[in-house]
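The values are calculated or read from the model by the stated rules, or taken from the named source; none is laboratory data. Everything numeric here is computed off the predicted structure, so don't read it as measured data. Note that each Cβ is placed from the backbone with ideal geometry, even for glycine, and that neighbours are counted across all protein chains shown. Side chains are part of the model used for accessible areas, which takes the heavy atoms of the whole protein and leaves out ligands, DNA and RNA. Shrake-Rupley method; radii C 1.70, N 1.55, O 1.52, S 1.80 Å.
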Amino acid sequence: ELARGTARIDEQLMADTRLVKRLVSLGHAARNNAKAKVRQPLAKVAVHVRSDLEAKAIERLRELMLDELNVKSLQRLQDVADVAQVSVNLFPQQLGKKFGSKFPTLRAAVAKMDQAQLARELQAGRGVQVPVDGETLEIAPGEAEVRAAPQPGWAVATEGGYTVAVSTQ
């Protein structure tokens with residue numbers, strides 16, 4: 001009975017560790033973007049994850065993450081827009097094939113939409129419905145990328161629905 005319980009805990013620890021390794025890797029990428037060496041301590045790191053479950057994993061391994069990134073504090077980001085200007089970039093090769101001559105109109109329609117909202121949906125793995133000339137076209141998560149241009153005072157790295165930002169102050 002004890003062994004079975006231990007195995008369950010180890011699975012959780014392994015999952016938590018995989019997530020934190022991924023986030024630390026993004027944190028290092030953000031530091032590189034800021035040209036801040038790891039030996040230079042930074043004030044804070046802000047992390048956007050895909051679920052409350054993942055946020056709990058980060059809390060469990062908070063000290064490890066702070067130590068690996070050499071930052072003083074860690075906060076959860078509710079909205080990536082707090083640290084970056086997000087935009088959605090459509091992949092022309094895939095969507096051009098899929099929608100043909102409608103692609104330019106689709107691109108124009110997407111540009112007029114709320115980019116932060118589109119980014120949230122795509123990063124959560126959901127498709128996005130776009131009204132174009134009286135019909136609704138769907139963009140799947142793999143048919144666009146979310147780009148994040150950092151707000152002043154932050155360096156940012158984004159990948160697969162995760163965003164890690166380090167303060168540059």
Counting lysine pairs in region 1-148 that sit 8 or more positions apart or on different chains, with Cα atoms under 27 Å apart, gives 14
Taking amide H positions as placed in the peptide plane 1.01 Å from N, state which residues far from residue 137 in sequence (5 or more) or on other chains have amide H under 5 Å from it.
-> 130, 132
Which one of 52, 16, 79 has the biggest mean-square fluctuation once the chain is modelled by GNM with Cα springs under 10 Å?
-> 52
Mind checking which of 135, 143, 54 has the largest fluctuation in a GNM of the chain, springs on alpha carbons under 10 Å?
-> 135
Write down the accessible area per residue of the chain in Å², having rolled a 1.4 Å probe over the full set of protein chains.
-> 58
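Per DSSP helix of 4 or more residues, -39500 (n - 2.57); summed, then divided by the residues of the chain. What does that give at 222 nm, rounded to the nearest 500? Don't skip to the end; give the middle numbers.
Working: 6 runs with 76 residues, N = 169.
Only helices count here, giving -14000 deg cm²/dmol.
Classify region 51-103: rounded, prolate or oblate, from the alpha-carbon gyration tensor (a ≥ b ≥ c, eigenvalue square roots; a/c under 1.5 rounded; otherwise prolate if a/b is larger than b/c)? Display every interim value, and only then the final one.
On the way: a/c = 3.42, a/b = 2.94, b/c = 1.16.
Taking the square roots of the gyration eigenvalues as a ≥ b ≥ c, region 51-103 is prolate.
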Portion, in percent, of the accessible area of region 99-165 that falls on carbon or sulfur, probe 1.4 Å = 51
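So how many Å³ per residue does the convex hull of the Cα atoms of region 82-168 work out to? Present the calculation step by step, with values, prior to reporting the outcome.
Numbers: hull volume 7.5 nm³, N = 87.
Cα-based convex hull of region 82-168, divided per residue, equals 87 Å³.
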Roughly how many whole Å is it from the C-alpha centroid of region 30-98 to that of region 104-169?
-> 16
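How big is the dipole moment of region 75-160 about its Cα centre under a simple scheme where the beta carbon of each Lys and Arg is +1, that of each Asp and Glu is -1, and everything else is neutral? Debye, nearest 20, please.
Values: 9 positive and 10 negative charges, 33 e Å.
That gives region 75-160 a dipole magnitude of about 160 debye.
Is there a quick way to get the dipole size of the chain? I mean about its Cα centre, with the Cβ of Lys and Arg at +1 and of Asp and Glu at -1; what is the value in debye to the nearest 20? Don't jump to the answer; show the numbers that get you there.
Working: 24 positive and 20 negative charges, 108 e Å.
Magnitude of the dipole: close to 520 debye.
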